[in-house]
Amino acid sequence: MEQFYTQLSEQYLFVEVSKKIKAKKDIIDLSVGDVRLPLPKAICEAGERAAREMGNGDQFRGYPPERGYDFMRRAVKEYYGDRVALCEDEIFISDGIKSELSMFLDLFLGAKVILQAPTYPAYLEANILKGNKIEFCSSPPDHAVDLVILCSPHNPTGEVMTLTQLKEWVDYCLRCGATLVFDAAYEAFAAEGEVKSVFEAEGARECAVEMCSLSKTAGFTGLRCGYTVICKENRLNSAWRRVKSCTSNGVSYITQRMAECALTSALDGIRANVDYYLKNARIIMEALYGMEFSGGSSSPYIWLRCGADGFDRLLDCGVGVTPGIGFGEAGKEYVRINSFCLRSEAIEAAKRLKSFAQTH
Ligand code: PLP
């Protein structure tokens, strides 16, 4: 029996990073990509109402439907609106992308997989656990693989794919019969006119699977709710329905009611929170004038080139970030700065980063 978990690296780096940041007295911690703002009131009220229903004999609910409640799948469909026409049978409610992707990879055991470099570490580790053969490519290669996993807006670089770039990947997957998993965790940060969904690319309905999450869109990192879209033209639509029914019992009624509210009546509230983080990112970016970086304008992340010792030097300036090497070799000259912080922290961090940029 092969035990692929033994191939996972020890998490020394992130443990060390967190220890070093915590040991500092006067530090603004912009390392962990977790949201900071409370949920809009309407979402909490939807949760309270749902909790009360669960205490009422007529309204109590047990296991949720395997693909999610109809009301939630309808809310996702409406959220996509005219951008992408979907039907409810193409939408699967999940408890977030991390676990959904890991379960989805059960359809691709021992597969050849393409990841972007640098990469969100969970993709790498989930594929290692399934015994998959991983390669890193920035554009479609001239050989076939089984699966491509792309993320846009990208974690950690903050870059957004153009429709042309996306279409190249879709065409490649159609040509070689590969599946394209598109992680749209940060779609809410993409600007008007930028790509938000893989289904904007022609041909994607046949080969793509979109995974999305309310974690960053709506501040649900602690609540856990997301959704996966697999169109009817894709043979994996029915396969996923079958596999999901034997790997998960779904997302709680209360959470789905809160998520429904987030994507419908509380849209302005969640949009305001995303705009707040984007303004933080602008404040931070302005301080980095003259330095080389990407992201920040359509992403909560700023990917700053400041050398392999950048993390330690920024720590000395009182700003905690994530060393780029945590996202693979391609990140070793970089750090990731995130803007999921309070405004006062963004302003103070910007002051410190400005002196860092001036002396860099
Ligand atoms: N995908 C990307 C690119 C992420 O950065 C993250 C979280 O940081 C996730 C997925 C995890 O999302 P979820 O909270 O839905 O599991």
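The values are calculated or read from the model by the stated rules, or taken from the named source; none is laboratory data. Treat the numbers as computed from the prediction; the structure is a model and nothing was measured. Positions of Cβ are generated from backbone atoms using ideal geometry, with glycine treated the same way; all protein chains shown enter the neighbour counts. In case anyone asks, the SASA skips ligands and DNA or RNA and just uses the protein heavy atoms, side chains included. Shrake-Rupley method; radii C 1.70, N 1.55, O 1.52, S 1.80 Å.
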Any residue that is more than 19 Å from N273 (Cβ to Cβ), within 16 Å of the ligand (Cβ to nearest atom) and hydrophobic (A, V, I, L, M, F, W, C) - is there at least one of those in segment 26-47?
no
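Have a look at F311, F293, F340 and point out the one that is touching a Phe, Trp or Tyr at 6+ places or on another chain (Cβ under 7 Å) and either free of Cβ contacts under 8 Å to residues at least 12 places away in the same chain or open to solvent by 10 Å² or more (accessible area, probe 1.4 Å) (or both).
F293
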Could you grab me the full set of residues in segment 260-269 that are open to solvent by less than 60 Å² (accessible area, probe 1.4 Å), away from the ligand (no atom under 16 Å from the Cβ) and of a type in the set (A, V, I, L, M, F, W, C)?
C261, A266
Of (1) among the small types (G, A, S); (2) at pLDDT 95 or above; (3) open to solvent by less than 50 Å² (accessible area, probe 1.4 Å), G33 satisfies every one except (2)
So, in segment 68-95, of the ones that are touching a residue at least 24 places away in the same chain (Cβ under 8 Å) and assigned to a loop (DSSP other than H, G, I, E, B), which residue ends up farthest from the ligand (Cβ to nearest atom)?
C87
Look through segment 204-229, keep the residues that are open to solvent by 20 Å² or more (accessible area, probe 1.4 Å) and more than 14 Å from the ligand (Cβ to nearest atom), and return whichever of them is nearest to A75 (Cα to Cα).
R205
Given the residues F60, F71, which is the only one that is open to solvent by 80 Å² or more (accessible area, probe 1.4 Å) and of a type outside the set (S, T, Y)?
F60
When (1) open to solvent by 10 Å² or more (accessible area, probe 1.4 Å); (2) closer than 17 Å to R83 by Cα; (3) assigned to a helix (DSSP H, G or I) are applied to E194, the one that fails is (3)
When the residues of segment 315-360 are filtered to those that are of a type in the set (S, T, Y) and touching a strand residue (DSSP E or B) at 6+ places or on another chain (Cβ under 6 Å), which remaining residue is nearest to V35 (Cα to Cα)?
T322
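Matching residues to (1) over 21 Å from K19 (Cα atoms); (2) among the β-branched types (V, I, T):
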{"site": "A266", "(1), (2)": "yes, no"}
{"site": "V274", "(1), (2)": "yes, yes"}
{"site": "E286", "(1), (2)": "yes, no"}
{"site": "S294", "(1), (2)": "yes, no"}
{"site": "S298", "(1), (2)": "yes, no"}
{"site": "W303", "(1), (2)": "yes, no"}
{"site": "L314", "(1), (2)": "no, no"}
{"site": "A330", "(1), (2)": "yes, no"}
{"site": "K351", "(1), (2)": "yes, no"}
Which ones in segment 230-259 are within 16 Å of the ligand (Cβ to nearest atom), closer than 19 Å to F71 by Cα, of a type in the set (V, I, T) and open to solvent by 30 Å² or more (accessible area, probe 1.4 Å)?
none
Take F189 and decide whether it is farther than 24 Å from K133 by Cβ and open to solvent by 10 Å² or more (accessible area, probe 1.4 Å).
no
Collect the residues in segment 328-337 that are of a type outside the set (D, E, K, R) and surrounded by fewer than 24 Cβ atoms within 10 Å (Cβ to Cβ), keeping them in residue-number order.
G328, A330, G331
Here are some conditions: (1) out of contact with any Phe, Trp or Tyr (no Cβ under 7 Å at 6 or more places or on another chain); (2) over 30 Å from R305 (Cβ atoms); (3) modelled with pLDDT under 95. S138 meets all but one. Which one does it not meet?
(2)
